[in-house]
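To keep things clear, I will list the structure first and then write my remarks on it.
No lab work stands behind these numbers, since they all come straight from the coordinates. Nothing here was measured: the structure is a model prediction, and the numbers come from that model. Reconstructed Cβ throughout: ideal geometry from the backbone, glycine too, with neighbour counts over all protein chains shown.
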């Protein structure tokens, strides 16, 4: 085979699952932000009598037949005052509201329902510009109304298919967001790691309450008075950043974070100009032993380059192709399929009004073989990997995964790349398909490994292992109440047998016996998203499991969990979850014994301690430069507006 990335870099994601086994750690689900308590929402408490008027279900006394007040428990969703008005039937009703003064008022309505439901609201004789009750419980702005009296008449009617009214607000405050009607809480952000001399962005947008003014204070002496700001720390060190929010009535609340600022070391070891930036893939296209690469925007275009940045070829989807509504990555992979020392490119293409799996010449992009793409339009998760299901020294197998398309069918397929001397050389030989129905039920990827030493690899798709002939070796239907976001295979306890480590979404981290599918250990987390295996703690027996765990409070956030081979949670970092859902990788950063962890813009050791801060986050981690150390590699747009493939690595000697 040609020089390519190890399989752990070619593949991401597949399964993990749930048996009645005790957790390996008693730590249990994590709290993402232990200091950030949003408090109890009592809507009326946060209104201002000089600007706001609240209407609740109890205010609607003259109700049409069939309309009735129901509780949050009955509705099974939260209501601002614990109750909602079920509009079951025709008719309308009015409520007379005393106003603080004549003038311009803004209408907000909180309602609940579904796409086939709705009701309408009028202020005096002016109809709101949108319907309500056609979505799950949420606020919606209904427009602006000129009221010339100190009273207004709200009319509710034109109800269809039993929508629910929770409450409404008429307000003179044009800046009011009802979602802010909560206790005053400043939130400066999460613990962060930055580089001296480089700008860092701060936002108060996760704060709560009706905030009139903002005040940022930095322990290096800086201050700012806007919600969203930038700040540069001139010197390395640990800094305290404090945000104080003040309401119109003078109430204040403050929150602080710690910014860990390291030297702005130049870690750039490669910087290659590119035409367009997107997700890259790597391999040896010309047989010189160097790492060449593809850059592809999912289902739109692919560009091919040599390791020195020489542009080779591109593919662009025709304008008429209906781009999927969501796109994860372009299905493409580099591998020396025919054993000639040069890598070919297996990839998705749209040709003559149809979708194809194509095997292309790596240097020209010319199509050598193609077969119809085996799934209907509408999927968003097509991915390719390489395996060897035949056991032949040359002629690897293309493993295809598709998911989340119309009808919730997910499917994995295997194709043998038939040699040019074969009379069927124009096609790829389809070996088998494996499919299941259910949104995300098969996770996001397919992986393979030779478990029994016969040179043929078994394939893993979610809660199943598929033999090289396509028969199912084991299948854990009991574990498919959720889906696997990520997966890795390896000998964790160094007993000569393989285990499968899974990030299984809301069910947490799982490790199964690869040969049997039996659960070896399980630790519940909030939403286990990414997983890697590596010896990041040489002082601990076996190979460690590293998990990126994410949260949704108040927005997408993440923590890093490190486990021993037997499932003991060794490290949870940082104490407060950081913003986003950063990519996770493992790499031999400095060439010394033991691997390190690449997460967000940080390089961490196996104890979760940050040892380097990079200018940008991770796409992939592997030995891009061929120096025995491994780099964090990504595409980015520099300050000059130009696009590059950049590799960041440790320049210190081993």
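So how do 104, 191 line up by other beta-carbon neighbours within 10 Å, fewest first? Kindly include the intermediate steps, with their values, before the conclusion.
Values: 104 11, 191 14.
In order of increasing Cβ crowding within 10 Å: 104, 191.
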Taking max minus min of the Cα coordinates of the chain on each principal axis, largest first, gives extents in Å of 88, 60, 52
I need the Kirkwood Rh of the stretch 212-287: take the reciprocal of the average 1/r across all distinct C-alpha pairs and report it in angstrom. 16.6 Å
Order these by the 10 Å Cβ neighbour count, fewest first: 433, 471, 111. 471, 433, 111
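What percent does the relative contact order of the stretch 555-654 come to when contacts are Cα pairs within less than 8 Å and at least six residues apart?
Across the stretch 555-654, relative contact order equals 20 percent.
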Rounded to the nearest 500, the 222 nm mean residue ellipticity computed for the chain from DSSP H runs (n ≥ 4, each -39500 (n - 2.57)) alone is 0 deg cm²/dmol
Find the relative contact order for the chain and round it to a whole percent, using C-alpha pairs within less than 8 Å whose residues are 6+ positions apart. 13 percent
Please report the Cα spread of the stretch 43-180 along all three principal axes, rounded to whole Å, starting with the longest. 36, 29, 25
Relative contact order (percent, whole number), the stretch 221-373, Cα cutoff 8 Å, 6+ residue spacing: 14 percent
Translational diffusion coefficient of the stretch 503-654 at 10 °C, 1.306 mPa s, Stokes-Einstein with Kirkwood Rh over Cα pairs, in µm²/s as a whole number. 98 µm²/s
